[in-house]
Amino acid sequence: MRQIFWKILLSFWLALLITVIGTAAIVTLYQDAKAAYGIIETGPRPNGITDSVARTLMTGGKQLLIEIVKPQTVHMNKEGTNIPPIPYVVDTQGKDVLDRPVNPKALAEAKRITEREANTPGVEKVTLPNGETYWIYMPQRPPPFPHNIIFALFDAPVFLFLMIMLTSLLFSGWLARSVSRPIETLRDGLKAVSKGDFDINVAQKMGKRYDEFAELGRDTDSMAEKLKQLIDAQRRLLHDVSHDLRSPLARLQLAIGLMRQKPEVTEQMLQRIEQECHRLDSLVGEVLTLARMESGVPQPKEDYIDLIELLKSLVDDAQFEAKDSGSVIQLQLDDALHEGIIIQSRGELLLRAFDNLIRNALQHAGRGCQIEIEVHQESDDMLVIEIADNGPGVADNNLTSIFQPFFRSNNNPGDGLGLAITKRAIEVHGGTISAHNRTTGGLCMHVRLPCTVQLD
């Protein structure tokens, strides 16, 4: 989706289209309106006046005409009329007999009418016996308000230029605002994240947008939420690691103190110190393994392993160790899987993951438990492994928490990292893992794992 691209494109295109159509409409209306108030008035009303002036000019000549009409012109001017209803009488030199300024356009229009449109009421061409020729026409009355102002404005190029500039400025301002506003919102959100505020809700502040900016806002919110989760997980991990390290260290200090006070228990305390050192080494190794998998660094898959053979080997080892407790482990395979499935992986991670699942089931289900491992293909490229026991299960509100680092249910022993590492190992291979309580009792681990190569 390229909504921003199309929005900008259509905005510019519509703006240009509206400008062209609007300009054409305004020009057309302007021309029609101005035509209604042309430079020469024709028709029955001015015809009587121009005809009277023509007869006076023919009978008495130029001088008589001046003597008759000039007082009327002065009188009309005193009353404040801008253009008196006195026709123009213009000679071949372009001069009015009353010495009024002559509009060249009006004179040209009068000549055009008398030459091409003879007998037009209100416009006359008079040739005196002495050969002098005059054009008699009535100037058009000035347009009423607001036409006079509109005509004056639209006849000014500066006004048209300012209109174009104002229109382009308004449109550019709207477009710039529509683009800059979500960017400012994103900037403010990222500033808040940089200061440690992860509850930004950028998508909500975007309003009812459905373009790339809205998607970017949602991605920003998702990023902030993931950062918050990572930071919380880091803080929780540091807290849990420090707490779990204190216990073996305290026991080491206690053993050392007893050795100093009672030399006769030195051998016993050395064994205790060695045990706690092994525990510390195992805990540190688990933490480092979890940290590497949660770092986000791609884990190279350099090994090709037979997943079915791997599960058989783990089941055999676990079954050997479970004999003393009376526990039974059963592996059930689809007929199509007996030949095995080869997948590309980091072999030690999958080995550790499924070993954790099997041993976790044996440990928490108790003595004399029954472990059922079922493997089947959900599709051509997806394998499902279910590891179920008949133990006490897990509280429903803890079914997702058991995969969190250092989580321990029912005060069970262990460092609480096994299932967390298992989950990360499965996810590294593109799979998923979930837990649910069985209706018949016990816990079931459901693993979905992509498979790439199947041996027939």
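Just so you know, all these numbers are worked out from the coordinates, no wet-lab data involved. These figures come from a predicted structure and were not determined experimentally. In this analysis, Cβ positions are derived from the backbone assuming ideal geometry, glycine residues included, and neighbour counts consider all displayed protein chains.
Let's test the formula: R0 of 56 Å, r as the Cβ-Cβ distance of Leu128 and Thr19. What FRET efficiency results, to the nearest 0.05?
On the way: r = 55 Å, r/R0 = 0.98.
That pair, Leu128 with Thr19, gives E of 0.55.
I'm checking a number: the convex hull volume of the Cα atoms of the stretch 303-454, normalised per residue, in Å³. What is it? Before the final figure, lay out the partial values.
Numbers: hull volume 16.4 nm³, N = 152.
Hull volume normalised by residue count: 108 Å³.
Once you place label points 7 Å from the Cα toward the Cβ at Arg209 and Val265, how far apart are they in nm?
In this crude spin-label approximation the distance works out to 7.0 nm.
Pull out the extension gain between Met223 and Phe12, defined as 0.36 nm times the separation in residues minus the alpha carbon to alpha carbon distance; nm, one decimal.
Additional length available on full extension: 72.6 nm.
Report the full-extension gain for the segment Lys195 to Arg100: residue separation times 0.36 nm, less the Cα-Cα distance, to one decimal in nm.
Working: separation 95, 0.36 × 95 = 34.20 nm, distance 8.02 nm.
Length difference between fully extended and current span is 26.2 nm.
Would you mind computing, in nm to one decimal, how far apart the modelled labels at Glu321 and Gln363 are, each placed 7 Å from Cα along Cα→Cβ?
That separation, rounded to one decimal, is 0.9 nm.
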